[in-house]
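Notes follow the structure.
Read-outs: derived from the displayed coordinates by stated rules, not from any lab. Keep in mind that this is a model prediction, so the values were computed, not measured. Here the Cβ positions follow ideal geometry from the backbone for every residue, glycine too, while neighbour counts run over all protein chains shown.
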Amino acid sequence: MTRTTDTPWPRRGAPRRHPGVARAGRGALAGLLVAATALVGGAATAADVPSDVVPAIPGCGTAVPATATASTHEAANPPAHAVDGDLGTRWSGQGFGAALTLDLGAARDLCGVRVAWHRGDLRWNDFTVYTSTDGTAFTKVWAGRSTGTTAGFESSPFAAPTGARFVRLAWWNSAEGNGWASVAEVAALVADPDPGPGGGHVVVAAGDIATRCTGTSCAHWRTSERALAIDPDAVLVLGDNQNNDGTIEEYRAYYEPSWGRLKDRTRPTPGNHEYILGDGAQGYFEYFGDLARPAGASWYSFDLGNWHIVSLNSEYERSAGGPQVAWLRADLAANTKRCVLAFWHRPMFSSGGTHGNFPNMRPFWDALHAVGADVVLNGHDHSYERFAPQTPDAVGSPAGIREFVVGTGGATPREFGTVRANSEVRLRVNGVLRLDLGVDSYSWQFVDVDGAVLDAGGPVGCH
């Protein structure tokens, strides 16, 4: 059984910051903290401090998974929608002082909050943040106004680390003045962990990558540029890494000049194009060498921080009684990490119009679901699709596995067909998936070749 512990991925440049963290000067941040220092107790009023809202707080960007309750909500938009990792859903509550309360499960030293407001790019919102250790006595720690210029996350710093289990956001007014509070996502923040053996790590994933195209205008070149800009700890390539015939000559001519620049931190899996010539994926195995078969088999696993990551071969025998699934069960039984991610080429679930569902991936899903795995990544259909957590029977469940189809690495995007159950987001565009793998949670961003974030969510707690 092939397992390694906390693979020492090569790192480059300065220590990693949370995505989007501004390198703000100390003076600017100090001004925010001084303003916030006065917010202890007192009656809640709008804009107790100037509306200094920043995109992110340096060193304070790790979100804490939480459950949510609210003083009021409409049936279609319950409080759980504000912590489901989906910017497309929301909590909505009516009335002055409508409040959303997060339960973090245990007391944490908090440094701030981040909020994504529904229609936040069209209206500002006045709100106050309170914290509590017992859920009864709350202390005001921040108040102010959102910018009204973004539907993404905006962060608000506390004056000093604040020990609390409960965080309450109370809403007072908005630019539209319609009496409704609407929050797409909210999270309490703790200081970013040192990205050491048990800390957070960034992964980039994509499949269906290189085509017979050369030059900087090629889609696979542009996605590789995006991956390099993210500077991940690990790169997961999801099969059909070299399209067409997948020969060693094609790998060297098209894949190597682009995604080959990330080869030293790549963990691969093969796809059908690697096997298309009937030569046993000779080009794939020759190009990736020991990366493709670290212990002889074309399936393997490794640990990255608090995540156990499994690479499987969807082009090889995958029956429930076969050697690959037997290895998978044994590998998962020996795993000591809390969070589990697996990747291979053909998706069990897909709304793609060319390929769609592959039910014969069921033995992989059964083994992974049985141990509470969190994330599955696939390619094959040339599109991006995100599913809600679901069981192998396609029943939506918080205890299920969230699947991403990311066949967007460079091959021409294709049309969707029948929309499958639990499909949440579908995009026909080239790009890469960024995963922020925390100590006990994950977040995601799908980033297109121009750097636009077209889908984002999290953090979502590991099972």
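Kindly provide the chymotrypsin sites (Phe, Trp or Tyr not before Pro) of segment 196-290 that DSSP labels as loop, not H, G, I, E or B, and whose Cβ sees at most 10 other Cβ atoms within 10 Å. Numbers along the way, then the final one.
Numbers: sites: Trp221, Tyr251, Tyr254, Tyr255, Trp259, Tyr275, Tyr284, Phe285, Tyr287, Phe288; in loops: Tyr275.
Here no loop site has a sparse enough neighbourhood.
Mind listing which trypsin sites (Lys or Arg not before Pro) in segment 66-164 are in a DSSP loop and have 11 or fewer other Cβ atoms within 10 Å? Don't skip to the end; give the middle numbers.
Details: sites: Arg90, Arg108, Arg114, Arg119, Arg123, Lys140, Arg145; in loops: Arg90, Arg119, Arg123.
Taking segment 66-164 and a limit of 11 other Cβ atoms within 10 Å, no loop trypsin sites (Lys or Arg not before Pro) are found.
For segment 366-410, what's the relative contact order in percent, using C-alpha pairs closer than 8 Å and at least 6 residues apart?
Result for segment 366-410 is 46 percent.
Over segment 201-461, what relative contact order in percent results from Cα pairs under 8 Å that are six or more residues apart?
Working: 670 pairs, mean separation 54.4, N = 261.
Relative contact order, segment 201-461: 21 percent.
I'm spelling it out carefully: the read-out is Cα extents along the principal axes in Å, the candidates are (1) 77, 63, 49; (2) 74, 43, 40; (3) 70, 58, 52, and one was derived from this structure. Which label?
Identified label for the calculated read-out: (2).
Going by average Cβ density within 10 Å per residue, which order do the peptides 406-418, 339-351 take, highest to lowest?
The densest-packed peptide leads the list: 339-351, 406-418.
Give the long-range amide H neighbours of His380: residues separated by 5 or more places, or on another chain, with amide H under 5 Å away, using H modelled in the peptide plane at 1.01 Å from N.
Placed amide hydrogens put Asp208 under 5 Å from His380.
For a footprinting-style exposure proxy, rank Ser423, Ser217, Ser155 by other Cβ within 10 Å, fewest first. Show your work: numbers first, answer last.
Numbers: Ser423 19, Ser217 8, Ser155 24.
So the residues, fewest neighbours to most, are Ser217, Ser423, Ser155.
Cβ under 10 Å from Thr412's Cβ, Thr412 left aside: what net charge do those residues give with Lys, Arg +1 and Asp, Glu -1? List each step's numbers first, then the result.
Numbers: positive: Arg414, Arg428; negative: Asp208.
Summing Lys and Arg as +1 and Asp and Glu as -1 gives +1.
Pull up all non-local amide H partners of Asn125: gap of 5 or more, or a different chain, and H-to-H distance under 5 Å with H placed in the peptide plane.
Ser146, Gly148
Using θ = phi - 60° and the Karplus form 6.51 cos²θ - 1.76 cosθ + 1.60, what ³J(HN,Hα) does each residue of segment 320-331 get, whole Hz, x for Gly and Pro?
Once rounded to whole Hz, the list reads 4, x, x, x, 5, 6, 4, 4, 4, 4, 5, 4.
Amide H of Val141 versus every other amide H placed in the peptide plane: which residues, excluding those fewer than 5 positions away on the same chain, fall under 5 Å?
For Val141, the qualifying residues are Val129, Tyr130, Thr131.
Let's test this: bin the Cα-Cα distances of segment 243-354 at 10 Å from zero up to the farthest pair and state each bin's percent.
Result returned by the calculation: 13, 40, 35, 12, 0.
Could you grab the relative contact order for the chain? Cα pairs under 8 Å, six or more apart, rounded to a whole percent. Please report the intermediate quantities before stating the final value.
Details: 1234 pairs, mean separation 70.6, N = 463.
Rounded, it is 15 percent for the chain.
What ranking do Asp208, Asp103, Asp86 get, fewest neighbouring Cβ atoms within 10 angstrom at the top?
Numbers: Asp208 32, Asp103 15, Asp86 20.
With the fewest neighbours first, Asp208, Asp103, Asp86 line up as Asp103, Asp86, Asp208.
Could you run the Karplus curve 6.51 cos²θ - 1.76 cosθ + 1.60 with θ = phi - 60° over segment 268-277 and give me ³J(HN,Hα) per residue in whole Hz, x for Gly and Pro?
Values, residue by residue: x, 9, x, x, 5, 6, 5, 9, 5, 7 Hz.
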